[in-house]
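The values are calculated or read from the model by the stated rules, or taken from the named source; none is laboratory data. Please read these numbers as outputs of a predicted model, since none were measured by experiment. Glycine also receives a Cβ, built like all others from the backbone with ideal geometry; neighbour counts cover every protein chain displayed. Areas reflect the complete protein model, heavy atoms only, side chains present, ligands, DNA and RNA absent. Shrake-Rupley method; radii C 1.70, N 1.55, O 1.52, S 1.80 Å.
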Amino acid sequence: MFPGLKRTRYIEVQASARTREHPLEKCPGCREILVQRQLEDNLKVCPHCGYHFRLTAAERLEQTVDEGTFRELDADLTSGDPLSFPGYREKLEEARQATGLKEAVVTGYGEIEGHPCFVAVMDSHFMMGSMGLVVGEKIARAVEAAMRERLPFIAFCASGGARMQEGTLSLLQMAKLAGLLQEFGRAGLLYVSVLTDPTTGGVTASFASLGDIIIAEPRALICFTGPRVIEQTIGQKLPEGFQRAEFMLAKGFVDLVVPRQHMKATLARILKLHPRGDKNGSL
Amino acid sequence: MVLYERGLARLRSKVQELEEVAREHSFDLSSEIGMLKARVEMIERELYENLRAWERVYLARLAERPGAVDYIQAIFPDFLELHGDRCFGDDPSIVGGLATLEGRPVTVIGNRKGRDAKENLQYNFGMAHPEGYRKARRLMQQAEKFGRPVITLVDTPGAYPGPEAEERGQGEAIAQNLAVMSALKVPIVTVVIGQGGSGGALALAVANRLLILENAFFSVISPEGCASILFKDAGRAREAAEALNLTAQDLYRLKIADEVIPEPPGGAHRDKEGMAARIKERLVFHLEELSRLEGEELVRARRERFRRVGAEFL
């Protein structure tokens with residue numbers, strides 16, 4: 001019935017190659033020089049200014065999902081080049097080499113403080129987390145798996161938007177996922193979206209904005225149109241903090257801004273408040 | 001006039017000259033002239049059938065190309081426009097309201113663009129703010145309540161990329177439209193009549209049937225935007241237009257569009273009435289087909305349609 005589930009496997013979560021090669025890192029928030037090991041012990045949050053470094057999908061899973069519970073779905077689903085777009089194959093290959101990932105999202109089953117759920121974790125290090133056919137499909141299959149198992153679904157968003165190199169096929173992933181999540185919602189199931197830096201474009205204009213509960217990480221850029229394009233349109237600089245998580249909270253578009261130290265506990269709390277079991281009007 | 005149309009115009013004027021010469025000197029050249037005319041027509045047909053992506057983008061953006069309001073006037077003479085999102089305001093760059101099609105009530109929604117500088121400013125060049133998408137959503141939900149089919153006419157460069165739009169939740173507004181349209185229990189037919197600009201166009205296009213005019217396009221990003229990001233040179237938009245596979249013919253081949261509606265030679269603006277009549281005929285045809293499906297079947301069919309897009313490339 002569900003081909004992905006049969007192919008599940010455990011993935012090893014380990015420090016990225018980048019971390020091993022670069023023992024020191026400068027904080028973009030306060031310009032302090034940080035020791036990678038300490039930064040990692042602090043969930044990649046700057047101990048001086050609270051700047052949240054972008055996480056890889058593996059780091060996110062390690063921080064969020066109980067050890068040994070993660071089972072990956074569709075690990076081998078990879079993008080082709082449906083439009084024969086100039087330079088796309090090379091870019092994909094580069095991204096694969098640089099990240100060790102097959103695509104910009106990792107999906108699977110996992111437990112959060114013992115609460116079972118399905119998760120999708122986008123990785124902005126892979127072609128800026130852009131959504132093409134395969135990213136859309138992997139997320140769709142994770143939602144479908146959650147629907148079959150009647151479990152909550154959590155999406156960690158990090159994306160530059162729809163992937164240009166797959167043209168309108170990428171664009172339509174937005175509608176595909178919005179439709180599927182609508183069905184998921186009608187089945188009485190919980191969908192939590194976590195907006196991390198950056199959540200933009202076609203991802204913001206589809207599943208990122210459709211969570212029953214929407215959480216953002218501090219200072220994350222959350223927008224439809226990116227700040228640079230807006231500044232070009234209006235010919236002036238945007239104010240400090242515009243389109244950041246706290247701004248979106250004030251404007252009413254996210255439920256909570258949750259620092260990384262509290263993310264797992266907060267998710268667990270939300271999951272606990274949505275006990276499993278058949279709801280009225282379920283499909 | 002477009003560059004490729006110049007040669008054609010020169011040919012036409014030559015034929016005209018010949019006709020005048022023949023008349024002046026009372027020569028009977030009618031069979032020669034007839035043959036020449038047929039040849040010009042043949043060249044014209046070939047030219048327009050083999051337009052490159054960039055030329056179609058050019059045609060789709062022509063100021064004199066009929067817009068949603070023109071088609072609404074021609075197809076729905078009894079159109080009653082309704083306003084506002086009941087929350088923030090009324091966005092004039094989206095037009096929506098009630099009408100009848102062959103005696104049956106329908107809800108019609110489209111993008112409104114201007115024809116001159118003043119109108120362009122008034123309608124924000126067809127780029128909607130969140131309240132525009134929310135108005136569209138309200139009208140669609142109203143259509144569902146009263147069991148009316150929804151017809152959308154898409155023609156927009158994209159959602160408005162400005163600070164107010166962001167502040168009021170441009171992303172959320174579009175996302176909600178995608179969600180609501182995907183679950184609407186009445187038939188939805190979309191016709192992309194000009195520019196189908198990214199998420200701003202998709203927000204009106206989650207339909208059971210997606211029809212597209214021969215010279216319209218539907219793209220994830222504008223060719224200029226794509227060229228400046230990927231090729232670091234906005235001047236390479238022509239190349240980007242080809243690469244993006246955004247033409248009606250591409251979208252039909254990719255099974256994104258269900259049907260390409262032919263335009264008069266040279267583009268929709270050459271025969272507005274004829275174009276409107278053709279669109280009307282296709283709307284009636286598709287709504288008739290969809291009328292056989294019940295509410296839940298329509299929802300399932302629509303979802304399935306989007307679920308399967310691109311499946312052959314996985």
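So for chain B, averaging the separation of alpha carbon pairs under 8 Å that are six or more residues apart and normalising by length, what relative contact order in percent results?
16
With a 1.4 Å probe on protein heavy atoms only, work out how much accessible surface B and A bury together, total over both chains, in Å² to the nearest 100.
Roughly 4000 Å².
Which whole number gives the average, over all residues in A:72-83, of C-beta atoms from other chains lying within 10 Å of the residue C-beta?
What the average comes to for A:72-83 is 2.
Among DSSP bridges having both ends in the range A:54-273, what percentage is antiparallel? Round to the nearest 5.
Bridges in the range A:54-273 that DSSP calls antiparallel: roughly 40 percent.
Please enumerate, by chain and number, the aspartates and glutamates with C-alpha under 20 Å from the C-alpha of B:LYS118, excluding those fewer than 8 residues away in the same chain.
Leaving aside aspartates and glutamates fewer than 8 places away in the same chain, those within reach of B:LYS118 are B:GLU64, B:ASP70, B:ASP90, B:ASP91, B:ASP155.
Taking θ as phi - 60°, what are the ³J(HN,Hα) couplings along the range A:26-31 by the Karplus curve (6.51, -1.76, 1.60), each to the nearest whole Hz, with x for Gly and Pro?
Each residue of the range A:26-31 in turn: 8, 6, x, x, 10, 6 Hz.
Cross-link list A:LYS102/A:LYS264; A:LYS138/B:LYS185; A:LYS138/B:LYS135; B:LYS113/B:LYS272; A:LYS102/B:LYS232: which exceed 23 angstrom alpha carbon to alpha carbon?
Checking Cα-Cα distances, A:LYS102/A:LYS264; A:LYS138/B:LYS185; A:LYS138/B:LYS135; A:LYS102/B:LYS232 exceed 23 Å.
In debye to the nearest 20, how big a dipole does the range A:38-118 give about its Cα centre with +1 on each Lys and Arg Cβ and -1 on each Asp and Glu Cβ?
320
Let's see if you can work this out: charge +1 on each Lys and Arg Cβ, -1 on each Asp and Glu Cβ, no other charges. What is the dipole magnitude of the range B:1-42 about its Cα centre, in debye to the nearest 20?
Computed about the Cα centre, the dipole is about 240 debye.
With a 1.4 Å probe and every protein chain left in place, tell me how much accessible area A:HIS274 has, in Å² to the nearest 10.
80
Could you tell me which of B:PHE146, B:PRO157, B:TYR133 has its Cα farthest along the dipole of the range B:123-168 towards the positive end, charges placed at Cβ (Lys, Arg +1; Asp, Glu -1), taken about the Cα centre?
B:PHE146
Spin-label point model (7 Å from Cα, Cβ direction): what's the A:ASN42 to A:GLU149 distance in nm?
In this crude spin-label approximation the distance works out to 3.5 nm.
Which loop trypsin sites (Lys or Arg not before Pro) in the range B:94-141, with loop taken from DSSP, have no more than 13 other Cβ atoms within 10 angstrom of their Cβ?
none
Explain nothing, just the number: dipole magnitude of the range A:54-273 about its Cα centre with +1 on each Lys and Arg Cβ and -1 on each Asp and Glu Cβ, in debye rounded to the nearest 20.
My answer is approximately 460 debye.
Within a 10 angstrom radius of each residue's Cβ in A:238-249, how many Cβ atoms of other chains show up on average? Whole number is fine.
That average works out to 1.
With point charges of +1 on the Cβ of Lys and Arg and -1 on the Cβ of Asp and Glu, referenced to the Cα centre of the protein assembly as shown, which listed residue (A:LEU83, B:VAL299, B:GLY310) lies farthest in the positive direction of the dipole?
Value computed over the given set: B:VAL299.
For A:HIS262 and A:GLU94, compute 0.36 nm times the residue count separating them, minus their Cα-Cα distance, and round to one decimal in nm.
Here the segment from A:HIS262 to A:GLU94 would lengthen by 57.1 nm.
Rank by packing, highest mean first: peptides B:224-235, B:179-190, B:249-260, with packing defined as the count of other Cβ atoms within 10 Å averaged across residues.
Highest-to-lowest ranking by the protection proxy: B:179-190, B:249-260, B:224-235.
Name every cysteine in chain A that ends up alone, with no second cysteine's Cβ under 4.7 Å, or say none.
A:CYS117, A:CYS157, A:CYS223
Taking +1 at the Cβ of each Lys and Arg and -1 at the Cβ of each Asp and Glu, which of B:VAL57, B:MET42, B:PHE76 sits farthest along the dipole of the range B:40-98 towards its positive end, judged by Cα position relative to the Cα centre?
Going by the Cα projections, it comes out as B:VAL57.
What order do you get for A:155-163, B:299-307, B:158-166 when each peptide is scored by the mean count of other beta carbon atoms within 10 Å, highest first?
The most tightly packed comes first, giving A:155-163, B:158-166, B:299-307.
Within 10 Å of each Cβ in peptide A:175-188, how many partner chain Cβ atoms are there on average? Round it to a whole number, please.
6
Normalising by the residue count of chain A, find the relative contact order in percent from Cα pairs under 8 Å and 6+ residues apart.
14
Can you list which of the GluC sites (Glu not before Pro) found in the range B:57-109 are DSSP loop residues with at most 13 other C-beta atoms within 10 Å?
B:GLU64, B:GLU102
Modelled label-to-label distance, B:SER31 and A:VAL229, 7 Å Cα→beta-carbon offset: nm?
6.2
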